[in-house]
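This report refers to the structure that appears directly beneath it.
The values are calculated or read from the model by the stated rules, or taken from the named source; none is laboratory data. Everything numeric here is computed off the predicted structure, so don't read it as measured data. Cβ: placed from backbone, ideal geometry, glycine included. Neighbour counts: every protein chain shown.
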Amino acid sequence: MAATAQSILGVSQGRILIASGNPEFRRQMAILTAGPTAQTEEAVGGAHALAKLVQFPCDGVLLDRHLPDLDSEEVAHIIRQRYPRIEVKFVDSRVAETEVRESNTEPDESVPIEELASEAFKEAGAERLDSLSGMIGRSEAIQSTYQLAKLVAGRDTTVLVTGETGTGKELVAQAIHELSPRAKHAFVAVNCAAIPEALLEAELFGHVRGAFTGAAQSRLGRIHVAQGGTLFLDEVGDLPLSMQAKLLRFLQNGEVQRLGSSDVYRVDVRVICATNSSLLDQVQAKQFRQDLYYRLAIFPIDLPPLRERDGDIALLAEHFLRGFSQEAGFPVKSLTPAALGALEQRKWPGNVRELQHVLERAFILSGNSREICAQHVQTGKELREVRED
């Protein structure tokens, strides 16, 4: 190669990320970049590169034009927007001489990855996307979630969905499954926080008869049941350390061994995880394995809280009220402007789930009225002060 990675990037020290699906090309570029003060990191694709940059921002990125998973232009745009100080240059693993394309576009500020996805789609000339199955909203914040989910749905990449309680993490996981080639197979959801630690291994991996007290018959685990489909692990941060090691081993080799048995089975399952806590904080506190975190967070999707979804409260309220009305056999009820204003002024710590519960109470409190007024959309202590009409 005529040019070294350092001369291409103009970086002679610090960390350089080499992103390519070609291991020999990564190896050659790493050799060319080697130096007393330069360090290299490698990523096997676009999603892997984005995940690495979350925790290890580099000084420069060499981005293969022919990534195995994502469009290299979109990945470069995301990196430049998210990390404006990082030099991003294209290289071509399919030619003998490395070609570099400079870009004169310099972003003015860094923005979250969700917004970057939106910008990438806009640059490609895409119009506003349809919502994901089961989700309501047209705000820019939620649109970026739709775009990221649709971008990763067609691959088997492990996805980590994060966000506050009630933002709809399981809905995103289900939508990714339904958009994927695995849609005809099972979507198996496991709430890691709801299963006692003593039963968790048997629940996930299965057990044979007599494996433990009360095991009257053999049973397949949730992982095995999800064969060919998607396994959704909700509240994955609540997994005990012992189970984290077993989950990591499964993710690495795709094998399942039932409790009490020596037989090993290969299972083809796509894994999507969710948490409302910071796994990185748990890693620092030695409560979550660092190697498992990097294995799960290959493609992170962070859901915006309801308070940041401008204009979506009215759409969500209309959707919920239509559903409540149909269930009760009533004409569809509507919100008065004052009621909608009261809803839009709230902070919604419980997000969409809290909004749904408040509207269900308001629907009941409104009785036979076709309209829901501001006095009906009270929460907590205020609810006890509502008088009957």
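The residues of the range 159-173 that are buried (at least 20 other Cβ atoms within 10 Å of the Cβ) and in a helix (DSSP H, G or I), listed by number, are 169, 172, 173.
Filtering the range 268-322 down to residues that are of a type in the set (Phe, Trp, Tyr) and touching a residue at least 40 places away in the same chain (Cβ under 8 Å), which residue is farthest from residue 172 (Cα to Cα)? Checking each candidate, the answer is 288.
It is to be established whether one or more residues within the range 264-276 are part of a helix (DSSP H, G or I) and in the same structural domain as residue 236 (by TED's automatic domain parsing).
There is no residue in the range 264-276 that is part of a helix (DSSP H, G or I) and in the same structural domain as residue 236 (by TED's automatic domain parsing).
Among the residues of the range 302-349, those that are of a type in the set (Gly, Ala, Ser) and in a helix (DSSP H, G or I) comprise 314, 317, 323, 325, 328, 338, 339, 341, 342. In the set (1) in a helix (DSSP H, G or I); (2) surrounded by fewer than 19 Cβ atoms within 10 Å (Cβ to Cβ); (3) touching a Lys or Arg at 6+ places or on another chain (Cβ under 7 Å), residue 204 fails one condition alone, (2).
Considering the conditions (1) modelled with pLDDT under 90; (2) surrounded by fewer than 17 Cβ atoms within 10 Å (Cβ to Cβ); (3) within 15 Å of the chain's Cα centre (by Cα), residue 156 is excluded by exactly one of them, (1). Filtering the range 58-104 to residues that are touching a strand residue (DSSP E or B) at 6+ places or on another chain (Cβ under 8 Å), in a loop (DSSP other than H, G, I, E, B) and either of a type in the set (Phe, Trp, Tyr) or at pLDDT below 80 (or both) leaves 98, 99, 100, 101, 102, 103. Being surrounded by fewer than 14 Cβ atoms within 10 Å (Cβ to Cβ), in the same structural domain as residue 181 (by TED's automatic domain parsing), among the hydrophobic types (A, V, I, L, M, F, W, C) and within 30 Å of residue 221 (Cβ to Cβ), is that true of even one residue in the range 281-295? Yes; the residues of the range 281-295 include at least one that is surrounded by fewer than 14 Cβ atoms within 10 Å (Cβ to Cβ), in the same structural domain as residue 181 (by TED's automatic domain parsing), among the hydrophobic types (A, V, I, L, M, F, W, C) and within 30 Å of residue 221 (Cβ to Cβ).
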